[in-house]
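Chemist: One structure coming up, written as structure tokens, with questions to follow.
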Amino acid sequence: MKRRTTTPRVLTAALAGVLVLAGCGGVAGDTGGAADPADRVAYDGPRHEVRVGVLRQPHLSHALFYERYLPEGVTLEVVPFANSTEIKNAVVSGDLEFGVTGITSALQGAAAGERVVVVAAAADGGSAIVAGKDAGITGVADLRGKRIGYVPGSAQDILLRLTLRDAGLAVADVSLVNVQFADMAAALSRGDIDAFSGAEVGPSDALAKGDAVLVTHPYDTDMGKINIAFVTNAEVIEKSPALVTAMVAVHAKATEHMAAAKSDWIRAVVDQYGFREESLSIAVENITLRWLMDDSYLAQIKVLGEQMRSVGSLQQEPDYTTFVDTSFVGKARP
């Protein structure tokens, strides 16, 4: 991956105070460098620089391994963001070609008529509701009247709302506090919040430090574990289908490597983001990596859309036939 010193167009404001991982030559070394040349993905299109948006979370770290499988003629810039909505917006605006991002934000964009398209799965799970060790919270029912950290519109937001609903609680029965994922564990430790519905590695970090207790892994709702997807813009598909085919294949190979070599996955995230290895060792067991999209996955996306509409996160559901394009994972299948 090549090093660059500029930030694409409107990304400067979105990335204020956030490190751009453009020096990905170092990342390639951290993840074992290039794979066998025979493992590199084939690509017969024009030379292209690809920008991929990610979050600093283990279940969105696939791009740390893309260099191993990147085709000749394609260079890569990995750009971290603060939340999935920012990634989705940058993909929609054309500032990114691809994003590894929350499927809830992609659904919200598609429902609003934006041309964001899911071209592969990425990860399920990666969520947990945890509470301060001295907050007196041992189950979901104990969240009544408590201050709960959350990121509006995230998968963890939807999971929290559904978990509360299934336990007979309304959102009005708790106090929701907007806290970025990266700040949740610290906010809990300070006592600013009593609990949080967070994304890894925050919950596992709080648990590993002894600051928290697990309330639940909130996967028993109708939403299930569905969480992270690999997305692009419909215009990229129209103009550069060969590039999309190649990048989905790169994403698939990276995903399979991470799943087969968890120690490599943990080490790459520790080296790149500075997370504690103890926390990541817990977190990866709460994450299911995937890239294929089968019929059950497509059905779960529709269930998620229905659940988001039921809690008011969507006013209407998108056209699922244009929101998801399974043709590229079909080509990437071994």
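Chemist: Which fully enclosed helices (runs of 4 or more DSSP H) of region 226-316 have 2 or more residues being open to solvent by less than 10 Å² (accessible area, probe 1.4 Å) and in contact with a Ser or Thr (Cβ under 9 Å, 6 or more places away or on another chain)?
Modeler: 241-260, 262-273, 277-283, 295-310
Chemist: From L280, L289, which residue is within 25 Å of Q57 (Cβ to Cβ) and in contact with a strand residue (DSSP E or B) (Cβ under 7 Å, 6 or more places away or on another chain)?
Modeler: Criteria check complete, one pass: L289.
Chemist: Also, quick follow-up: Given the options D222, D194, D211, D173, name the one that is of a type outside the set (A, V, I, L, M) and free of Cβ contacts under 8 Å to residues at least 60 places away in the same chain.
Modeler: D173
Chemist: Can you tell me which residue within region 54-109, out of those that are under 17 Å from the mean Cα position of the chain (by Cα), small (G, A, S) and assigned to a helix (DSSP H, G or I), is surrounded by the most Cβ atoms within 10 Å (Cβ to Cβ)?
Modeler: Restricting to residues being under 17 Å from the mean Cα position of the chain (by Cα), small (G, A, S) and assigned to a helix (DSSP H, G or I), the top hit is S84.
Chemist: Looking at the structure I just gave you, is V119 in contact with a helix residue (DSSP H, G or I) (Cβ under 7 Å, 6 or more places away or on another chain), touching a residue at least 60 places away in the same chain (Cβ under 8 Å) and farther than 24 Å from V201 by Cα?
Modeler: Yes, satisfied.
Chemist: Which pairs have Cβ atoms under 9 Å, sit 6 or more apart or on different chains, and link a residue in region 136-162 that is at positive phi to one that is in a helix (DSSP H, G or I) and among the small types (G, A, S)?
Modeler: G153/S84; G153/S105
Chemist: Looking only at region 180-207, count every residue that is within 15 Å of N83 (Cβ to Cβ), open to solvent by 20 Å² or more (accessible area, probe 1.4 Å) and not in a helix (DSSP H, G or I) and tell me the total.
Modeler: Within region 180-207, residues that are within 15 Å of N83 (Cβ to Cβ), open to solvent by 20 Å² or more (accessible area, probe 1.4 Å) and not in a helix (DSSP H, G or I) number 1.
Chemist: Please verify whether region 143-153 includes one or more residues that are in contact with a strand residue (DSSP E or B) (Cβ under 9 Å, 6 or more places away or on another chain), within 30 Å of F328 (Cα to Cα) and buried (at least 24 other Cβ atoms within 10 Å of the Cβ).
Modeler: No, region 143-153 has no match at all.
The values are calculated or read from the model by the stated rules, or taken from the named source; none is laboratory data. Treat the numbers as computed from the prediction; the structure is a model and nothing was measured. Don't worry about glycine lacking a Cβ; one is built from the backbone with ideal geometry, like all the others, and counts go over all protein chains shown. The area values use the complete protein model at the heavy-atom level, side chains included, leaving out ligands, DNA and RNA. Shrake-Rupley method; radii C 1.70, N 1.55, O 1.52, S 1.80 Å.
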